[in-house]
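Report on the structure given below.
The values are calculated or read from the model by the stated rules, or taken from the named source; none is laboratory data. Just so it is clear, the model here is predicted, and its values are computed rather than measured. Neighbour counts are summed over all protein chains in view; Cβ atoms, including those assigned to glycine, are modelled from backbone coordinates with ideal geometry.
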Amino acid sequence: MEVSIIIPVYKRTEWIEKCIEKLRGQDFEDTFEIIVIDDGSPNEMEVRKSISGHQRDGKGVIKYFRNRHRGPAAARNYGVRFSSGEILCFLDDDSLPVKEWLREITLPFKDSESASLVSGVTLSLDRNAALPLMLEKTVHSGKCWATCNIAYRRKIFESLGGFDESFTEPSWEDNELGLRAKWAGCVHLFNEKAIVYHLHENSLEEYKRKCLLNGRGAAVFAYKYLFKKPLWGICTPLIMSRRLMYGIFPSVWMKRSNSSAYLKFLWSFYSLQGFFMAIFRKK
């Protein structure tokens, strides 16, 4: 079973190097290729340099392509065009897989012909800081279609039409594809042994930016499905607002950053802010 690992990169030269190093050390017997798509990084030469050293050492196949800056959804689709694998694995440029990751993320495809997509466990890279660990256990724990740790059977990915390139930011393009797979009746399996460490937000300011980004992505999703699937289009902001209720409790504000309830409140508050700012900008 041939496997293609597709990674969009934008600016992050130090992280893409670390990611490739982890992939080179995978405990995996089958053939695999690594396809890196530079999403129009302004530091193109640095990105090329960070990849070229690995291309010269003769360990496996690494393909590098550059696309104009259109966001990770378009970059991943672009990478798929140059891939040859039966299984398409996706990582982000700030994701570090464990040694067994590739074996575990592809194992369900071998065990079950009906498996359409497989996701694994995403943990915070920083195991010592309080905020990333709390985000791992609360806000980020329910994500099941995140492109930092997921794989699709090629024929399923192509039948779904790939990622929707109208999502030009790294937000909701993975959820939208996952939902289309769910609506199409695709079998989604989960393997808790397929572990990836991801760079979670390390400050409340970073977290705020992440929430605003989430809201903007949700706005693209709601706008797309407002007439195709009205219930989804209308309910998206309502679902995001469900954690605002935490804000009515004084204890939440007393503990603030040390409270998971406070973080959940901020997720709803800033996500909705990003959502409505994007909606009104469209109008």
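A few points about this structure:
- Residue match in the stretch 239-256 (condition: more than 30 Å from L23 (Cβ to Cβ), touching a Gly at 6+ places or on another chain (Cβ under 8 Å) and at pLDDT 90 or above): yes
- When S251, S241, S259 are checked against the criterion of being over 23 Å from L177 (Cα atoms), outside the structural domain of K182 (by TED's automatic domain parsing), surrounded by fewer than 18 Cβ atoms within 10 Å (Cβ to Cβ) and small (G, A, S), S251 stands alone in meeting it.
- Residue check, I62 buried (at least 17 other Cβ atoms within 10 Å of the Cβ), modelled with pLDDT under 95 and within 12 Å of I5 (Cα to Cα): yes
- Residue within the stretch 265-279 that is hydroxyl-bearing (S, T, Y), over 19 Å from the mean Cα position of the chain (by Cα) and part of a helix (DSSP H, G or I) present: yes
- The stretch 1-20, subset in a helix (DSSP H, G or I) and in contact with a helix residue (DSSP H, G or I) (Cβ under 8 Å, 6 or more places away or on another chain), residue surrounded by the most Cβ atoms within 10 Å (Cβ to Cβ): I16
- Residue selected from the stretch 47-59 under the condition surrounded by 14 or more Cβ atoms within 10 Å (Cβ to Cβ) and modelled with pLDDT of 85 or more, by the criterion farthest from C19 (Cα to Cα): R48
- Tally, over the stretch 181-222, of residues that are in the same structural domain as P132 (by TED's automatic domain parsing), crowded, with 17+ Cβ neighbours inside 10 Å and of a type in the set (K, R): 0
- Enumerated strands (runs of 3 or more DSSP E) restricted to the stretch 72-162, each holding at least 1 residues that are of a type in the set (S, T, N, Q), in contact with a Lys or Arg (Cβ under 8 Å, 6 or more places away or on another chain) and buried (at least 23 other Cβ atoms within 10 Å of the Cβ): 115-124
- Residue match in the stretch 198-207 (condition: within 30 Å of R153 (Cβ to Cβ) and in contact with a strand residue (DSSP E or B) (Cβ under 7 Å, 6 or more places away or on another chain)): yes
- Top-ranked residue of the stretch 1-16 - restricted to ones that are of a type outside the set (V, I, T) and under 17 Å from W101 (Cα atoms), ranked as modelled with the highest pLDDT: S4
- From the list R81, R48, R68, R24, the lone residue that is without any contact (Cβ under 8 Å) to a residue 40 or more places away in the chain and touching a Gly at 6+ places or on another chain (Cβ under 6 Å) is R68.
- Only one entry in S166, S171 is out of contact with any Phe, Trp or Tyr (no Cβ under 7 Å at 6 or more places or on another chain), under 20 Å from V9 (Cβ atoms) and part of a loop (DSSP other than H, G, I, E, B), namely S171.
- Selection from the stretch 174-204 of residues that are part of a helix (DSSP H, G or I), acidic (D, E) and in contact with a helix residue (DSSP H, G or I) (Cβ under 7 Å, 6 or more places away or on another chain): E176
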